[in-house]
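The values are calculated or read from the model by the stated rules, or taken from the named source; none is laboratory data. From a predicted model like this one, the values you see are computed outputs, not experimental measurements. When we count neighbours, we look across all protein chains shown, and the Cβ atoms used for this are built from the backbone with ideal geometry, even at glycine. Side chains included, ligands, DNA and RNA excluded: accessible areas come from the protein's heavy atoms. Shrake-Rupley method; radii C 1.70, N 1.55, O 1.52, S 1.80 Å.
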Amino acid sequence: MKQTLLAAALLAVLGSSQAVAGDASAANTAAVGNRQQATADGTDIQRLAQTIEALPALSAARARVRVAELNLKAAGNAVYNPELGLGYQNADTDSYSLSVSQTLDWGDKQQAAQNEALAQLRRAEAELALERSRLWAEALSAMVARKQTAAVLGFQTEQREFARAQLELAAELKRGGLISAVELSLIELDLASLEADLAMAEQAAIDADTRLLQMFETLTLPEISMASLMASAGSTELAQSALQQLPALRLAYQDVQLARLGADKVRADISADPTLTLGAEKEGSDNKLGLNVSIPLKVRNNYSDAIAAATEAGIGAEQQYLASERALTQAWRQYQYAQPKLQASWQAWKQRVRGSASTLGASLASQWRAGDISTSDFLQGKRQLTQSFIAGTELEARLYQNWLDWMGQSGQLATLVPAPGTHQPPVAGAENTSAEARQ
C-alpha cells in the first residue's frame, strides 16, 4: 500500500522526465536532419574552414611554402657573378691593367640547387596539407567531445532535478508514515550519487570547452554533422599501393628525396669549378692581352667525409620512411578492425536502448507502482538507464573519434573540406623555375 501510494505520487514526475527524454530524442533527430542539409549546402563547413585557416599554425605552414617558393626562384639564378679587376703600378714605366674573371659552374651547382629547392617546396606543400588535416581532426574531435559532454551534462541535470523533487515528495510521505526511513535514505543516497555524477559531468564539460577555447578562443562555432561528413568520405577501403599515396607518407617520401638530393648537392658544391680570366695590360708603349685559367686542387681536403655523411643521411631517411609506412599501416589495420565493431555497437544501442528508453522507463515505473519491484530495484533500474544513456553518448563519440584519428593521421581529412582561398599566389617565375628544375 505504501509503495503504491508513493508510486502514484512519483509516476507523474518520472513520466515527465521520460517525456522530456523522448522529446529530446525527437529534437535530436530533427536537428541531425537540419545539420545534414546545412552541411550539404557547405555553409557550416565553409565557415569552420575560414576559422581554421586563420589559425597561427596554418599561417606558419603557408609562410614556409612561401619561403620555399622564394628559395626555388633564387636557385634559378646564376651561381657565380663575373669579377672586374683594375690595376695600376707606379714605376719607371707606369703600367695599367684591366681584367674580367668568370668562374664556370662546371659541377652544375645551379641544377643541384634547383632540384633541392623544388624538393623543399614539395615538402612544404605536403607539410601544409598534413597540418591542415591535423588541425581539422583536432577541431572536430574537440567539437565532438564538447557535444558529448554537453549531452551528458544536460541529462545529469534533468536527473538531479527529478531526484530532488522525488526526495521532497518522499520526505512528505515519510512524515505521513507512508514510507519507511530506509526507503527515504535510499532516495537520499540516490540524490547524493546524482549530485556527484553531475559535478563530474560539469568538470568534463568545462574541460571540453577549455579545449576549444585554447584552439579557437571562442565557443561560437558552426555545428558540423559528423555522420554527414563520414558519409561524404565514402568507402575507406585502401590497397597497399594506395596507402603509399596518402599525404602522411608523401611527406616522408619528400624527406627521402631531400636527403638524396642533399647528397647530390654536396657533390656539386665540392666540385672543382675553373675560373677564366681575360686581362689587358698597358706598360709604357707596350700593350698586352692575356688569358688565365685557375682550377682548385683538392689536396688538403677531398671532402670524402662530407660525401659519406650526406650518403648516410639518405640511408637514414629511407629507413625513417619505412618506419613511417609501417606505423601508418598499423594505424590503418587498427582502424579497420575497430571501426566496424564501433559502428555495429552504436547501431545496436540505438535500436535497443535509445529508441525504447521512454518505454523502458514507463514500464519500470508501472511495475514499481504495482508493487512488483521494490524501491531499491526501482532506483537501481533508474541508475541502469542513466548508465546506458551515458554509455551510448560515449560510444557515439568514440565512433567519430576513431574515424577522426585515422583521417587526421593519414592526412585525408583535408580532402573532404573546401579548398582554402587564403593561400597566397605563387612567386612570379616560380612555375617556370620548377619546370626547368624537373627537366
Stretchable slack from residue 405 to residue 167, in nm (0.36 nm times residue separation minus alpha-carbon distance) | 81.3 nm
Considering the convex hull of the alpha carbon atoms of the range 87-171, report its projected area averaged over all viewing directions, in nm², one decimal.
-> 14.2 nm²
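For residue 188 and residue 319 in one chain, what is 0.36 nm times their gap in residues minus the Cα-Cα distance, to one decimal in nm?
Numbers: separation 131, 0.36 × 131 = 47.16 nm, distance 6.31 nm.
Length gained, residue 188 through residue 319: 40.8 nm.
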For residue 350, which lysines qualify as cross-link partners when the Cα separation must be under 21 Å and same-chain residues fewer than eight apart are set aside?
-> 147, 341, 382
Which lysines, on any chain, are close to residue 73 with Cα under 21 Å apart, when same-chain ones fewer than 8 places away are left out?
-> 109, 265
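Where Rh denotes the Kirkwood radius from the mean inverse Cα pair distance, what is Rg over Rh for the range 162-237?
The Rg/Rh ratio comes out at 1.33.
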For the range 202-313 (alpha-carbon point model, no solvent) the Debye-based log₁₀ I(q)/I(0) at q = 0.09, 0.13, 0.18, 0.20 Å⁻¹ works out to -0.67, -0.88, -1.05, -1.12
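Applying 1/(1 + (r/R0)^6) with R0 = 45 Å to the Cβ-Cβ distance of residue 376 and residue 57, what FRET efficiency is obtained, to the nearest 0.05? Don't jump to the answer; show the numbers that get you there.
Values: r = 54 Å, r/R0 = 1.20.
My answer for the efficiency is 0.25.
Taking R0 as 25 Å, what FRET efficiency do you get between residue 83 and residue 305 from their Cβ-Cβ distance, rounded to the nearest 0.05? Spell out each step's value before the answer.
Working: r = 30 Å, r/R0 = 1.22.
Once rounded, the FRET efficiency stands at 0.25.
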How do the peptides 272-281, 247-256, 186-195 rank, highest first, by the average count of neighbouring beta carbon atoms within 10 Å per residue?
-> 247-256, 186-195, 272-281
With N denoting the number of residues in the range 65-218, provide Rg(C-alpha) divided by 2.2 N^0.38 Å, to two decimal places.
-> 2.61
Over the range 247-311, give the accessible area per residue in Å² for a 1.4 Å probe, as an integer.
-> 64 Å²
Label-point separation, residue 90 to residue 150 (7 Å along Cα→Cβ), nm = 8.8 nm
